[in-house]
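Participant: One structure coming up, written as structure tokens, with questions to follow.
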Amino acid sequence: MSRTAAPEPRPELAPVILGGDIGVYALGRAFHELYGVTSTVISGLVPGPIADSRILRTVQVEDSHDERGLVDAALEVAAETLAADPGRRLLLLANSDWLVRTVVRHRGELEGAGYVVPFLDEELLDDISDKATFAELAEKVGIAVPRTIVQDFAGADDPSWRPVPVDVGWPLIAKAASSADYQDVEFPGKRKVFEIGTQAELDDLWRRLRDAGFRGRFVAQELVPGDDTQMRSITAYVDGRGVATLMAGAHVLLEEHTPNGLGNPAAMITGDLGAMFDQARAFLAATGYRGFANFDIKVDPRDGRFAFFEVNPRIGRNNYYVTAAGANVARFVVADHVDGVALEPVVVSREVLYSILPTSLLLRYVREDGLRAKVRRLAPDTAHPLAYWAADGGAKRRAYVAAAKVNQVRKFRQWYPEPTGTGF
């Protein structure tokens, strides 16, 4: 399967995607590249990544955080689509933890309306979406994870509540166990991931979370040293037989560093991750996983050992790196849930530079000589998920992509002005 493979027209396919970020556009692009179909995107706003697109049809809801409103919009799209052509095959996708949870909770209703819902069951979703539970499951399977302490805020309304002792060493990393529980909590200094250097800083974070009404779980984790280039990403697909038909990976070069985007890869190079793939397969098999999964892993530069941080129950914001490297992600879910075809497992090994950054900015942060040379070699054919000029190259979209790249320079200057040894 090559990145330039000819489309296989499948006019009966009707992908419907919840959300509006760059990963949603990448999914729609994958379906258009391979099957020549337009996807319907349901979102509260129509932000730059999905705006003015020729390959997407957008449907707006009044409140993108209203679970019932999103489901009702999806049901309306299904009714309209099937009324116009009863032979259409509706496929419902989502690419955030909260939206996946919304779809899974309403699976029966959505499937009754004609949708294929290619996600894992709700019980397993609850287990693996929680970073604390993921660490417990991974350890049982023999998969390496950073040392993790769980802070549960469920009883924080009680005046006698006290945080549990944390002894993983300083600095440490603190983050919400479940992003769905954390999504609507607001407090000064809120970040996706916190680097904590002292007990006083940790005490202050626990206080702010408690005062903000957060009643989920946070994890305090051992900080694995090394900058962003020590991170790896794996995207997998497990079919209805329990077979991992897709295994794709990438060496992260630079992550986003805004408070809400921290940890999202902004540039990476695809390739075979070997033993990491083996451990990912073991986890997926042991848990009975189905559908797309996205793992975050970090390599310790001191000894080369790696640790799995989490698995996301979805394809991931940066999923276009898989399609760009030759394994169009749409093929796997369509073969499994629409065609009922058992694909032979694919391991992606082709090297491609995926990046949403200006190359000059990327090179400023990649300090290792071998990686810098590889970036320069691959840069002329950089895969940018929004740069689908052959089919979606209108003037407004070209202007948006150009402006977004310039904006990345501003964001890095503000939030991560110089590369560091830890990525913080």
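The values are calculated or read from the model by the stated rules, or taken from the named source; none is laboratory data. What you see is a predicted model, and the numbers here were worked out from it, not measured in a lab. Cβ atoms come from the backbone with ideal geometry, glycine included; neighbour counts cover every protein chain shown. Remember, those area values only see protein heavy atoms, side chains included, never the ligands or the DNA or RNA. Shrake-Rupley method; radii C 1.70, N 1.55, O 1.52, S 1.80 Å.
Participant: How much of the accessible area of the stretch 36-121, in percent, comes from carbon and sulfur atoms when a 1.4 Å probe is used?
Facilitator: Numbers: 1730 of 3670 Å².
Ligands and nucleic acids excluded, carbon and sulfur give 47 percent.
Participant: Summing +1 for each Lys or Arg and -1 for each Asp or Glu, what net charge is found among the other residues whose Cβ lies under 13 Å from the Cβ of P188?
Facilitator: Details: positive: K190, R191, R207, R208; negative: E186, D204, D211.
Residues close to P188 contribute a combined charge of +1.
Participant: Follow-up question, since we're still on this one. On full extension of the chain, what length is gained from E123 through D158, given 0.36 nm per residue of separation minus the C-alpha to C-alpha distance?
Facilitator: Values: separation 35, 0.36 × 35 = 12.60 nm, distance 2.87 nm.
Gain on stretching E123 to D158: 9.7 nm.
Participant: Please work out the Cα center distance from the stretch 247-301 to the stretch 108-138, rounded to the nearest Å.
Facilitator: A separation of 19 Å, based on Cα centres.
Participant: With every protein chain left in place and a probe of 1.4 Å, what is the accessible surface of W98, to the nearest 10 Å²?
Facilitator: For W98, solvent-accessible area is about 40 Å².
Participant: Work out how much length W170 to A200 would gain on full extension: take 0.36 nm times their residue separation and subtract the Cα-Cα distance, in nm to one decimal.
Facilitator: Working: separation 30, 0.36 × 30 = 10.80 nm, distance 1.14 nm.
Answer, rounded to one decimal: 9.7 nm.
Participant: Then there is this: What do you reckon, how do R208, R350 stack up by accessible area (1.4 Å probe), largest on top? Don't skip to the end; give the middle numbers.
Facilitator: Numbers: R208 55, R350 95 Å².
From most exposed to least exposed: R350, R208.
Participant: Measure up K175/K374; K192/K298; K190/K411; K298/K411; K131/K190; K140/K192 against 21 Å on the Cα-Cα distance and list the ones that go over. Walk me through the intermediate numbers first.
Facilitator: Details: K175/K374 33 Å; K192/K298 17 Å; K190/K411 17 Å; K298/K411 24 Å; K131/K190 18 Å; K140/K192 27 Å.
Long pairs (Cα-Cα over 21 Å): K175/K374; K298/K411; K140/K192.
Participant: Follow-up. So what is the accessible area of the stretch 93-229 per residue, in Å², with the probe set to 1.4 Å? Don't skip to the answer; put the middle values down first.
Facilitator: Details: 5800 Å² over 137 residues.
With all protein chains present, the stretch 93-229 gives 42 Å² per residue.
Participant: Just to be sure I understand the rule: take each whole DSSP H helix in the chain, project its Cα atoms onto its long axis, keep it if the span is 24 Å or more and its mean Kyte-Doolittle hydropathy is at least -1.0. Which ones pass?
Facilitator: Numbers: long enough: 67-84 (26 Å, 0.61); 395-415 (30 Å, -0.86).
Length and hydropathy pass: 67-84, 395-415.
Participant: Over the stretch 211-349, what per residue volume does the convex hull of the Cα atoms give, in whole Å³? Provide the component values of the computation, followed by the final result.
Facilitator: Numbers: hull volume 19.0 nm³, N = 139.
Per residue, the Cα convex hull of the stretch 211-349 comes to 137 Å³.
Participant: On to the next question. Could you put R215, R314, R29 in order of accessible surface area, largest first, with the 1.4 Å probe and the full protein assembly present? It would help to have the intermediate numbers written out before the result.
Facilitator: Working: R215 80, R314 40, R29 15 Å².
So, going from the largest accessible area down, we get R215, R314, R29.
Participant: While we're looking at this one, here's another question. How far apart, in nm, are two points set 7 Å out from the Cα along the Cα-to-Cβ line at R210 and at V347?
Facilitator: If labels sit at R210 and V347, their model points lie 5.0 nm apart.
Participant: Between I196, I356, I128, which gets the highest mean-square fluctuation from a Gaussian network model of the chain, Cα cutoff 10 Å?
Facilitator: Checking each option, the largest mean-square fluctuation is seen for I196.
Participant: Next up: At 0.36 nm per residue, and after removing the present C-alpha to C-alpha distance, how many nm does the segment from K192 to A391 gain when stretched out fully? Let's see the in-between values first.
Facilitator: On the way: separation 199, 0.36 × 199 = 71.64 nm, distance 3.47 nm.
Once the chain is fully extended between K192 and A391, it gains 68.2 nm.
Participant: Give me the accessible area of K405, 1.4 Å probe, in Å² rounded to the nearest 10.
Facilitator: Its accessible surface works out to 70 Å², give or take rounding.
Participant: For labels at R377 and Q414 in the simple 7 Å Cα→Cβ model, what's the distance in nm?
Facilitator: About 3.7 nm, to one decimal.
Participant: Could you put K175, K374 in order of accessible surface area, largest first, with the 1.4 Å probe and the full protein assembly present?
Facilitator: Details: K175 20, K374 65 Å².
Putting K175, K374 in descending order of accessible area: K374, K175.
Participant: Continuing with this model, one more query. So for the pair E109, A84, with labels modelled 7 Å out along Cα→Cβ, what separation do we get in nm?
Facilitator: 2.4
Participant: Give me the percent of the accessible area of the stretch 357-424 that comes from carbon and sulfur atoms, probe 1.4 Å, all protein chains in place. If you can, show how the numbers build up before the last one.
Facilitator: Details: 2090 of 3710 Å².
That fraction is 56 percent.
Participant: Another question, then. Can you compute the label reach from V141? Point 7 Å from Cα along the Cβ direction, backbone N cut-off under 18 Å, restricted to the stretch 260-281.
Facilitator: 273-281
Participant: Right, another one. If you add up the charges near R367, with Lys and Arg at +1 and Asp and Glu at -1, over every other residue whose beta carbon is less than 12 angstrom from its beta carbon, what do you get? Walk me through the intermediate numbers first.
Facilitator: Details: positive: R364, R372; negative: D227, D228, E368, D369, E418.
Neighbourhood net charge equals -3.
Participant: Need the C-alpha centroid separation for the stretch 7-80 versus the stretch 360-375, integer Å.
Facilitator: 35
Participant: Any chance you could get the radius of gyration and Dmax over the Cα atoms of the chain, in Å?
Facilitator: Considering the chain through its Cα atoms, Rg and Dmax are 21.1, 65 Å.
Participant: Separate question: Restricting to Cα pairs below 8 Å that are 6+ residues apart, what does the relative contact order work out to for the chain? Please round to a whole percent. Please report the intermediate quantities before stating the final value.
Facilitator: On the way: 831 pairs, mean separation 73.6, N = 424.
Averaging sequence separation for qualifying contacts and normalising by length gives 17 percent for the chain.
Participant: Toward the positive end of the charge dipole of the stretch 350-404, about the Cα centre and with charges on Cβ (Lys, Arg +1; Asp, Glu -1), which of A399, L371, A387 goes farthest?
Facilitator: The one lying farthest along the dipole's positive direction is A399.
Participant: When ligands, DNA and RNA are left out and all protein chains stay put, how many square angstrom of accessible area per residue does the stretch 275-357 have with a 1.4 Å probe?
Facilitator: Details: 2720 Å² over 83 residues.
That works out to 33 Å² for each residue.
Participant: Do the sum for the chain: with -39,500 (n - 2.57) for every DSSP H run of n ≥ 4, divided by all residues, what is the mean residue ellipticity at 222 nm, to the nearest 500 deg cm²/dmol?
Facilitator: On the way: 15 runs with 149 residues, N = 424.
It lands at -10500 deg cm²/dmol.
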